[in-house]
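K.L.:
Okay, handing you the structure first.
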Amino acid sequence: MRTNAAMRRLLGSAAFAADQPTVPELDQDTLDAGWTVEPSGALLLVAHRPKRMHDIPAEALGEGEYEINDVHVSLDDLGREKTEFLPRAASRGLYFARRMLAAARGLPGAETLLAAVAIHVDVDDEDFALQGATIRFFSRRGSYPQWFDELEAYTREAIAVLDLSDPTT
């Protein structure tokens, strides 16, 4: 797992270490639905696959997956006490990402699958209380988002990028 400084601070918190991650019911439905492999080879979350789906061209597989596999995991039940909220938000986002990556294991193309977890950490932002954990899944096939190559560029988000080699628990 690669992380930026903001995520490393959250991971080092006692609140992160003590948390038992769970996901709200709607997000559990996404976990339960799992993955599908499109005829193009794209790996898509079943719960996020558009009803009218056009094949994603091979030269843009990762980019297409990134656009579709965009998950907003609710943090509403965590409370907003800032010293505990952010580490618990990171715990939930990473837990969700690891579970989905584990579910993809063995699918064609999964060996190149990545999950990018983002937690908004700017507590002075007026929208801070509205945030959730954002998790995007995409593979390193064809064109794919390369802005996660330099994680320290993100100053308002705690970012982690995981792959199949990261532990599932």
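The values are calculated or read from the model by the stated rules, or taken from the named source; none is laboratory data. Keep in mind that this is a model prediction, so the values were computed, not measured. All Cβ positions, even for glycine, are placed from backbone atoms using ideal geometry, and neighbour counts span all protein chains on display. Surface areas here come from the heavy atoms of the whole protein model, side chains and all, with no ligands, DNA or RNA. Shrake-Rupley method; radii C 1.70, N 1.55, O 1.52, S 1.80 Å.
K.L.:
Output the relative contact order of the stretch 1-142, whole-number percent, from Cα pairs under 8 angstrom with separation of 6+ residues.
P.N.:
30
K.L.:
Would you mind pulling out the separation of the Cα centroids of the stretch 17-48 and the stretch 138-159, in Å?
P.N.:
Each part reduced to its Cα centre gives a spacing of 20 Å.
K.L.:
Still on this structure: With +1 on each Lys and Arg Cβ and -1 on each Asp and Glu Cβ, how big is the dipole of the chain about its Cα centre, in debye rounded to the nearest 20?
P.N.:
Result for the chain is approximately 460 debye, rounded to the nearest 20.
K.L.:
Indicate the gyration tensor shape class of the stretch 1-47 (rounded, prolate or oblate), computed on the Cα atoms with a ≥ b ≥ c the square roots of the eigenvalues: a/c under 1.5 is rounded; otherwise a/b larger than b/c is prolate and the rest oblate. Working shown, then result.
P.N.:
Details: a/c = 4.83, a/b = 1.77, b/c = 2.73.
It is oblate, given that a/c is not under 1.5 and a/b is not larger than b/c.
K.L.:
Is the stretch 98-169 best put as rounded, prolate or oblate by its Cα gyration tensor, with a ≥ b ≥ c the root eigenvalues, rounded for a/c under 1.5, and otherwise prolate when a/b is larger than b/c, oblate when not?
P.N.:
prolate
K.L.:
Along the stretch 41-48, what does the Karplus equation 6.51 cos²θ - 1.76 cosθ + 1.60 (θ = phi - 60°) give for ³J(HN,Hα), rounded to whole Hz, x for Gly and Pro?
P.N.:
Once rounded to whole Hz, the list reads x, 5, 9, 10, 5, 4, 5, 10.
K.L.:
Between residue 128 and residue 153, what length comes free when the chain is fully extended (0.36 nm per residue of separation minus the Cα-Cα distance, one decimal in nm)?
P.N.:
The residue 128-residue 153 span can extend by a further 7.0 nm.
K.L.:
How many Å² of accessible area per residue for the stretch 1-41, probe 1.4 Å?
P.N.:
I get 56 Å² per residue for this part.
K.L.:
At a 1.4 Å probe radius, carbon and sulfur cover how many percent of the accessible area of the stretch 12-169?
P.N.:
Values: 3950 of 7890 Å².
The nonpolar share, carbon plus sulfur, comes to 50 percent.
K.L.:
Running a GNM on the chain with Cα contacts under 10 Å, which residue among 137, 96, 16 ends up with the highest mean-square fluctuation?
P.N.:
Most flexible of the set in this elastic network: 16.
K.L.:
Now for a different question. Just to confirm, what accessible area per residue do you get for the stretch 99-155 at 1.4 Å probe, in whole Å²?
P.N.:
For the stretch 99-155, the per-residue accessible area is 49 Å².
K.L.:
Give the relative contact order (percent, whole number) for the stretch 1-85; include only Cα pairs under 8 Å separated by 6+ residues.
P.N.:
After rounding, I find 25 percent.
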